[in-house]
Amino acid sequence: MSNLIKPNEFARRRRDLMSLMVPNSIAIIAAAPERIRSNDTEYRYRQNSDFYYLTGFNEPEAVLALIPGRRQGQFILFCRDRDPAREIWDGYRAGPQGVVDHYGADDAFPIGDIDEILPGLIEGRERVYYCVGKEPDFDRQLMEWVNTIRARARAGAIPPAEFVDLDHLVHEMRLFKSAAELKVMARSGKIAARAHCRAMEVCKPGLFEYQLQAEIEHEFAMAGAEFPAYSSIVGGGANGCILHYIENRAVLNDGDLVLIDAGCEYQGYASDITRTFPVNGRFSPEQKVLYNIVLEAQYAAIDAVRAGNHWNEPHDATVQVITEGLVDAGLLKGKVADLIEAGAYRDFYMHRAGHWLGMDVHDAGDYKVDHQWRLLEPGMVMTVEPGLYVAPDNANVAEKWRGIGIRIEDNVAITNRGTEILTSEVPKSIDDIQALMAS
Ligand code: GLY
Ligand code: MN
Ligand code: MN
């Protein structure tokens, strides 16, 4: 499918960012570096999300400069030169002329000339916005450019006086998804939902965890997703209690649950789904009890995802339902209010109920504003993912509960019309899961 985020949207983002910058300033963002996987082979390239958000440009060795109000051009890109010999090995490069013609740059230069040109663009601007302190190489390089200007101070060069973190401005923009972004995310969610259905359909005792991973990732790739959005988690039995279990090497046993947390990246946007289901297609009585606690907690949290509620309300809802459920089932003893106060649920539920979702699976955006949980607003997309994990060596509970790990995760968009679950096409009630697995 052709790219759903059009060039005019990238242009609008740059305009919006420049309107937030103070006069006489410059913003500088570097493309992600290529990273070595082993010896001389690299990981598949993944662009820096902020850089891509503002350019749509997917090559390494590039630097973006935005200079609001600069008459000769506000959007400058440094990029690799065309190189017929390298392009035979590594593929097409746009080159400076290409980024002007196809990416809307006002001006473009070879990356090899950046040390000569960028200090001149920085000079005389009072403020530099950049990503402070996350990429040591880039921090050092920026200071070298600034020092080039300082060295010419006696000749009249004026170095910038302020260095301000750019992340906050860009991430606040990224937190609010446009109509086109919501469309891409809905597609990403649908693909991931389809993949989880496929895993349920083929699952049976004796398969290995990595084989379910392969089924899931096959579906991602066949639908045109560029990547899994993170390392897929496929944990059978007690492996489901390891929150970031990515070994995926074990055999799936009759009578166990399997927890799959996997999502794809489609046109640059992540989905993030977790489902937990019985390897043999039928939940045991204990599995049913704990599963329904998590499911009720997830429904309660989704119900709390609405414009005007604050960020922590969905989480609070999960804590309430999970604590009540654990008391009812006999895994916790005491009064619900006291147990919540004491955080007793944390032995079984030790993570938060969700996170922002977007270009990054744990997406950009503040969770607090002025030290208060921020209010939910249309355009935000988040996950809702309560879980229950009974450690296999938890001697405080009856043996029948031990080693059960359950998480249920969906992706929820807040829109002007209410909320939309982007991942609803994979079943999650016990009846629906059992029906799909029996079919
Ligand atoms: N798979 C990462 C998460 O669910 O947050
Ligand atoms: Mn997840
Ligand atoms: Mn998640």
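Quick check on this structure: which one of Gly69, Gly98, Gly112, Gly133 is under 24 Å from Asp50 (Cβ atoms), at pLDDT 95 or above and within 31 Å of the chain's Cα centre (by Cα)?
Just a single option satisfies the conditions, and that option is Gly98.
Cβ-Cβ under 6 Å, sequence separation 6+ or interchain: first residue in region 299-310 and under 11 Å from Ile414 (Cβ atoms), partner acidic (Asp, Glu). Which pairs?
Qualifying pairs under 6 Å: Ala307/Glu377.
Given the conditions (1) over 19 Å from Glu201 (Cβ atoms); (2) within 16 Å of ligand 1 (Cβ to nearest atom); (3) among the small types (Gly, Ala, Ser); (4) surrounded by 20 or more Cβ atoms within 10 Å (Cβ to Cβ), and given that Ser231 satisfies all but one, which numbered condition is not satisfied?
With (1) over 19 Å from Glu201 (Cβ atoms); (2) within 16 Å of ligand 1 (Cβ to nearest atom); (3) among the small types (Gly, Ala, Ser); (4) surrounded by 20 or more Cβ atoms within 10 Å (Cβ to Cβ) applied to Ser231, the lone miss is (4).
Within region 371-387, can one find any residue that is under 30 Å from Ser178 (Cβ atoms), crowded, with 19+ Cβ neighbours inside 10 Å and away from ligand 3 (no atom under 16 Å from the Cβ)?
Scanning region 371-387, I find at least one residue that is under 30 Å from Ser178 (Cβ atoms), crowded, with 19+ Cβ neighbours inside 10 Å and away from ligand 3 (no atom under 16 Å from the Cβ), so the answer is yes.
Counting just the residues of region 247-279 that are of a type in the set (A, V, I, L, M, F, W, C) and within 16 Å of ligand 3 (Cβ to nearest atom), which one comes out nearest to Val384 (Cα to Cα)?
This residue is Ile273.
Among the residues of region 199-210, count how many are outside any loop (DSSP other than H, G, I, E, B) and either of a type in the set (Ser, Thr, Tyr) or surrounded by fewer than 17 Cβ atoms within 10 Å (Cβ to Cβ) (or both).
4
For region 24-62, give me each residue that is farther than 26 Å from Phe227 by Cβ and either of a type in the set (Val, Ile, Thr) or modelled with pLDDT under 95 (or both).
Scanning region 24-62 gives Ile26, Ile28.
Exactly one condition in (1) in contact with a strand residue (DSSP E or B) (Cβ under 7 Å, 6 or more places away or on another chain); (2) crowded, with 21+ Cβ neighbours inside 10 Å is not met by Arg306; state its number.
Condition (2) is where Arg306 drops out.
Looking at region 269-292, which of the residues that are surrounded by fewer than 24 Cβ atoms within 10 Å (Cβ to Cβ) and of a type in the set (A, V, I, L, M) is farthest from ligand 1 (Cβ to nearest atom)?
Val289
Among the candidates His196, His168, single out the residue that is surrounded by 20 or more Cβ atoms within 10 Å (Cβ to Cβ), on the phi < 0 side of the Ramachandran plot and in a helix (DSSP H, G or I).
After ruling out the rest, the residue left standing is His196.
The rows are residues; the columns are (1) β-branched (Val, Ile, Thr); (2) part of a helix (DSSP H, G or I).
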{"position": "Arg71", "(1), (2)": "no, no"}
{"position": "Arg86", "(1), (2)": "no, yes"}
{"position": "Pro96", "(1), (2)": "no, yes"}
{"position": "Ala105", "(1), (2)": "no, no"}
{"position": "Ala108", "(1), (2)": "no, no"}
{"position": "Ile114", "(1), (2)": "yes, yes"}
{"position": "Gly133", "(1), (2)": "no, no"}
{"position": "Phe138", "(1), (2)": "no, yes"}
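Can you pull out every residue in region 397-422 that is within 16 Å of ligand 2 (Cβ to nearest atom) and either modelled with pLDDT under 95 or in a strand (DSSP E or B) (or both)?
Gly405, Ile406, Arg407, Glu409, Asp410, Asn411, Val412, Ile421
Specify the residue that is nearest to ligand 1 (Cβ to nearest atom); the eligible residues are those in region 318-369 that are more than 16 Å from Ala391 (Cα to Cα) and aromatic (Phe, Trp, Tyr).
My answer is Trp356.
The values are calculated or read from the model by the stated rules, or taken from the named source; none is laboratory data. Keep in mind that this is a model prediction, so the values were computed, not measured. Virtual Cβ from ideal backbone geometry, glycine too; neighbours counted across all protein chains shown.
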